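Okay, structure first, notes after.
Derivation of every value follows stated rules applied to the coordinates shown; laboratory data play no part. Fair warning: this is a prediction, and the values are worked out from it, not measured in the lab. In this analysis, Cβ positions are derived from the backbone assuming ideal geometry, glycine residues included, and neighbour counts consider all displayed protein chains.
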Amino acid sequence: MNTSRCNTCGEKAVIFMRQHRLPLCKTHYLEWFIEQSERAIKKYGMFTHHDKILVAVSGGKDSLSLWDVLWRLGYQADGLYINLGIDGEDHYSLQSKNYTVSFAAERNLNLHIFDVAAETGKNIIQLYKQSQRRKGRPCSVCGVVKRHIMNETTRNYQYNVLATGHNLDDEAAVLFSNTLSWSVEYLARQFPVLEEEEGFARKVKPFCRFYERESAAYALLRGINYIEEECPFSDNSTSLYYKRLLNQLEDAQPGTKIRFFSNFIEARKKGALFQAPESEKVVLNPCPVCGQPTGSSGKCYYCRITAPTVVENNDDFPPDVMSFG
Ligand code: SF4
Ligand SMILES: [Zn+2]
Ligand SMILES: [Zn+2]
């Protein structure tokens, strides 16, 4: 097989996807990427052209590419950018916000911007510092805050579905982590679509079958400007470590990551595998302040950490798929 020539037209290939044994030129790669996105949306019944979709955008390649693809496919997709207030040397939040705002303006798309510091009086680092979870990095607090804001915006603006740009590398790393610890409750909830339930918005991941390099190639070839720096707190994270391990397996055996994830999803679809026992399911109650579901009997964790004084007992993560970043 000539891997330097496009499989469709014979022109010079710009990418060779080893796991599919597929070399493609720029034109056919962009077409292929959009077709594959549409196929995943339909395969898992994620949404239709009648749905109002909110895309969570971070200014990175995955979420901006996702928004671009949904826009090109004619879906009603608006964006939500959450300004965490993480600045430091690279001005991470400022830069990522600028990329997102420019992207939306160039395409005349609607963008909601939620500024954590303006809304709660504290940026994510300050919220983390006043929380009881001061162990290394602010990611657990950040994850709770982001999920709360995404859920709230979806509900307040009556979107039917929340779409995120998680790619195969993200999903495989989460699956790997949950499998290593046999976290049945998390495994039971890992799927390309999480149906709306008890106050949680319906969540979908249309890029869950794309390798990270494929969404990066799409952004590059499409001319999307995105923030290349990762959040400074993602350095040396467990997620990155698992991604590196999975990449080593992939190098040795192309297709390992897609098989690992897809075969898990197929097994889940078939039935009882990885169902959390009823006795272990978290009972949810509406938070008396914001109304969002919480495993706690009082205020949800978001309302407690954004309140002026923080109270003890912060152990109720929303029952969501464990996610990194
Ligand atoms: S790495 Fe992700 S979860 Fe952690 S602080 Fe940065 S944006 Fe938040
Ligand atoms: Zn071609
Ligand atoms: Zn609340």
- For Arg202, list long-range residues whose amide hydrogen, built 1.01 Å from N in the peptide plane, is under 5 Å from its own amide hydrogen. Leu162, Glu196
- Message: Compute a Gaussian network model of the chain, connecting alpha carbons closer than 10 Å, and tell me which residue from Lys12, Lys61, Lys122 fluctuates the most.
- Response: Lys12
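Rounded to the nearest 0.05, what FRET efficiency is calculated for Glu38 and Gln130 with R0 set to 45 Å and r the Cβ-Cβ distance?
Values: r = 45 Å, r/R0 = 0.99.
For R0 = 45 Å, the calculated efficiency reads 0.50.
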- Item | Proximal charge balance of Asn263 [Cβ under 13 Å; K/R count +1, D/E count -1] | +4
- Please identify the GluC sites (Glu not before Pro) of the range 140-211 that satisfy two criteria: DSSP loop assignment and at most 16 other Cβ atoms within 10 Å. Which are they? Glu195, Glu196, Glu198
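Determine, for Lys270, Lys129, the number of other Cβ atoms within 10 Å of each Cβ, and report the residues in order from fewest to most. Don't skip to the end; give the middle numbers.
Details: Lys270 8, Lys129 14.
Going from least to most buried by this count: Lys270, Lys129.
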- Note on the structure: the chain, Gaussian network, Cα under 10 Å: of His20, His49, His148, the residue fluctuating most is His20
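For the pairs Lys12/Lys243; Lys42/Lys299; Lys129/Lys299; Lys269/Lys299; Lys61/Lys203; Lys26/Lys203, note any where the Cα-Cα span goes beyond 26 Å.
Details: Lys12/Lys243 30 Å; Lys42/Lys299 38 Å; Lys129/Lys299 19 Å; Lys269/Lys299 35 Å; Lys61/Lys203 19 Å; Lys26/Lys203 31 Å.
In this structure, Lys12/Lys243; Lys42/Lys299; Lys269/Lys299; Lys26/Lys203 lie more than 26 Å apart at Cα.
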- Message: Take Lys269 and Leu94, extend 7 Å from each Cα along the Cα→Cβ direction, and tell me the distance between the two endpoints in nm.
- Response: 4.7 nm
- Message: Just want to confirm a number: the relative contact order over the chain, from Cα pairs under 8 angstrom separated by 6+ residues, in percent.
- Response: 19 percent
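Among Trp182, Trp67, which comes first, then next, by fewest other beta-carbon atoms within 10 Å?
Going from sparsest to densest Cβ surroundings: Trp182, Trp67.
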- Sites Arg18 and Asn285, calculated FRET efficiency, Cβ-Cβ separation with R0 51 Å, nearest 0.05: 0.55
- Provide the packing ranking of 24-30, 206-212, 218-224, i.e. peptides ordered by the mean count of other C-beta atoms within 10 Å per residue, highest first. 206-212, 24-30, 218-224
- Message: Check which residues have an amide H placed less than 5 Å from Leu111's amide H, if you skip close sequence neighbours.
- Response: Gly79
- For the range 103-118, Karplus-derived ³J(HN,Hα) couplings (6.51, -1.76, 1.60; θ = phi - 60°; whole Hz; x for glycine and proline) come out as 4, 5, 5, 4, 9, 6, 9, 7, 10, 8, 10, 10, 9, 4, 5, 5
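Restricting attention to the range 27-98, which GluC sites (Glu not before Pro) occupy a DSSP loop and are surrounded by at most 10 other Cβ atoms within 10 Å?
Here the GluC sites (Glu not before Pro) that fit, given the DSSP loop and packing criteria, are Glu89.
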- Task: Would you order Met1, Met46 from fewest to most other beta-carbon atoms within 10 Å of each residue's own beta-carbon?
- Result: Met1, Met46
- Query: How large is the helix-only mean residue ellipticity at 222 nm for the chain, computed as the sum of -39500 (n - 2.57) over DSSP H runs with n ≥ 4, divided by its residue count, in deg cm²/dmol to the nearest 500?
  - Reply: -13000 deg cm²/dmol
- Query: What nm value, rounded to one decimal, do you get for the distance between Asn236 and Thr8 when each label is placed 7 Å out toward the C-beta?
  - Reply: 4.5 nm
